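Reviewing the structure listed below.
The values are calculated or read from the model by the stated rules, or taken from the named source; none is laboratory data. None of these values were measured; they are calculated from a predicted model. As a convention, Cβ positions derive from the backbone with ideal geometry for all residues, glycine included, and neighbour counts pool all protein chains shown. Surface areas here come from the heavy atoms of the whole protein model, side chains and all, with no ligands, DNA or RNA. Shrake-Rupley method; radii C 1.70, N 1.55, O 1.52, S 1.80 Å.
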Amino acid sequence: MTSKLVEANKLIEDGEKHLKTGLFKWRADYDSAAPCFQKAGISYKNAKNFEKACELFLKTADCHFKNGSRFHAAKAYEEAGMICKELKEFNKFAAHFDHASNLYLEDGTPDTAALCLIQAGKTLESIEPNWALEFFKKAADVYVNENDGRSRSAAEVTGRASRLLVKMNKYEDAIISIDKEKEYYAQADGGDHGASGRLICCQVLLYLQLEDRVRAESVIADGTEKIPGFSCSDEYGILCQLIAAFEERDQNKATTVLKMPFFKYMDAVYARLTRTIKVPGHSNSKVSPTTLSNGEDDDDEGLC
């Protein structure tokens, strides 16, 4: 056993002593015990004994909680959660971070609660995407429910959820999520009409991926009514060209529009959709191999 772990075990003993009560000590000294367990936990974490480290961080959290410090209890739960990540126990990771966010809310620090939830969501995106979606949704709700209303922050975290849904090929759900983004942007700083207009482009691509031109046209028309200046924007003109290509069932024309820089420099998740969108029942499906090859190379450069 290394000297650090010997020292850690001494700290654990000290911590347990602080928790003991007796004839002349009626209440456990949680304030003194918590740092003992925390320092010992760090030593065990550095020694790669993650199980013991997690146990100690949870004891630290319990001491802080019983001492009335919700904020420091939440920090300790986050530390325990990160240990569970190392152990690949993602169900426990999620539970600890969720509990930490609730404690931050009880402590009156919603910003920290939201950041905790977002961190958990980012960690789980590629492992348990459905759990990640729940964390992003909860974070957005926290921002919206703040006293001063953090609509822009809510929109940004909802955007993460929308992009994740696209990666999961849940296009209908992504469209609904983007509606929430637009709602939040409409409430932010008097309304961010530019962001709302760009999100309509994302929805149009998703509808066309679903081969639903009617709803694609409907969302464009809705944008002209609800978003000031949208009908005069570059986005509107380009989307009209794209819809016209679908009305004419002209794949070559649609491909040309979809290869415009406007689409190429969208968020990569949405830009990739332009490679797979096809005009239903198109009359000119034969596109030259050279055009396809060059176009794909250009797209790859634009997304890097």
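Is it true that Asp212 is within 26 Å of Leu164 (Cα to Cα), free of Cβ contacts under 8 Å to residues at least 12 places away in the same chain and surrounded by fewer than 22 Cβ atoms within 10 Å (Cβ to Cβ)? So that I can check it myself, show each step before the final result.
On the way: within 26 Å of Leu164 (Cα to Cα): yes; free of Cβ contacts under 8 Å to residues at least 12 places away in the same chain: yes; surrounded by fewer than 22 Cβ atoms within 10 Å (Cβ to Cβ): yes.
Yes, satisfied.
Do we find a residue being at pLDDT below 95, on the phi > 0 side of the Ramachandran plot and open to solvent by 10 Å² or more (accessible area, probe 1.4 Å) anywhere in the range 143-164?
Looking for residues that are at pLDDT below 95, on the phi > 0 side of the Ramachandran plot and open to solvent by 10 Å² or more (accessible area, probe 1.4 Å), one finds at least one in the range 143-164, hence yes.
Could you go through the range 251-263 and let me know if any residue there is on the phi > 0 side of the Ramachandran plot and over 31 Å from the mean Cα position of the chain (by Cα).
The first filter runs over the range 251-263 and keeps only residues on the phi > 0 side of the Ramachandran plot, leaving none.
The answer is no, given that none of the residues of the range 251-263 is on the phi > 0 side of the Ramachandran plot and over 31 Å from the mean Cα position of the chain (by Cα).
Table: residues versus (1) crowded, with 20+ Cβ neighbours inside 10 Å; (2) in contact with a Phe, Trp or Tyr (Cβ under 9 Å, 6 or more places away or on another chain).
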| site | (1), (2) |
| --- | --- |
| Glu78 | yes, yes |
| Glu86 | no, yes |
| Glu89 | no, no |
| Ala94 | yes, yes |
| Leu124 | yes, yes |
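Conditions (1) free of Cβ contacts under 8 Å to residues at least 40 places away in the same chain; (2) touching a helix residue (DSSP H, G or I) at 6+ places or on another chain (Cβ under 6 Å); (3) surrounded by fewer than 22 Cβ atoms within 10 Å (Cβ to Cβ), marked per residue:
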{"residue": "Lys4", "(1), (2), (3)": "no, yes, yes"}
{"residue": "Trp26", "(1), (2), (3)": "yes, no, yes"}
{"residue": "Lys39", "(1), (2), (3)": "yes, yes, yes"}
{"residue": "Lys52", "(1), (2), (3)": "yes, yes, yes"}
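Looking at (1) within 19 Å of the chain's Cα centre (by Cα); (2) open to solvent by 60 Å² or more (accessible area, probe 1.4 Å), which is the one condition that is false for Asp107?
(1)
Given the residues Gly295, Gly302, which is the only one that is assigned to a helix (DSSP H, G or I), modelled with pLDDT under 95 and within 25 Å of the chain's Cα centre (by Cα)?
Matching residue, one of Gly295, Gly302: Gly302.
Looking at (1) touching a Ser or Thr at 6+ places or on another chain (Cβ under 8 Å); (2) on the phi > 0 side of the Ramachandran plot, which is the one condition that is false for Gly190?
It fails just one condition, (1).
If you take the residues of the range 185-194 that are assigned to a helix (DSSP H, G or I) and small (Gly, Ala, Ser), which of them is nearest to Asp148 (Cα to Cα)?
Only one residue tops the list, namely Ala188.
Pairs only if they're at least six apart or on different chains, beta carbon under 9 angstrom, first in the range 194-206 and under 12 Å from Ala174 (Cβ atoms), second of a type in the set (S, T, N, Q) and surrounded by 24 or more Cβ atoms within 10 Å (Cβ to Cβ); list them, first residue then second.
From the range 194-206, the pairs are Leu199/Ser162; Cys202/Ser162.
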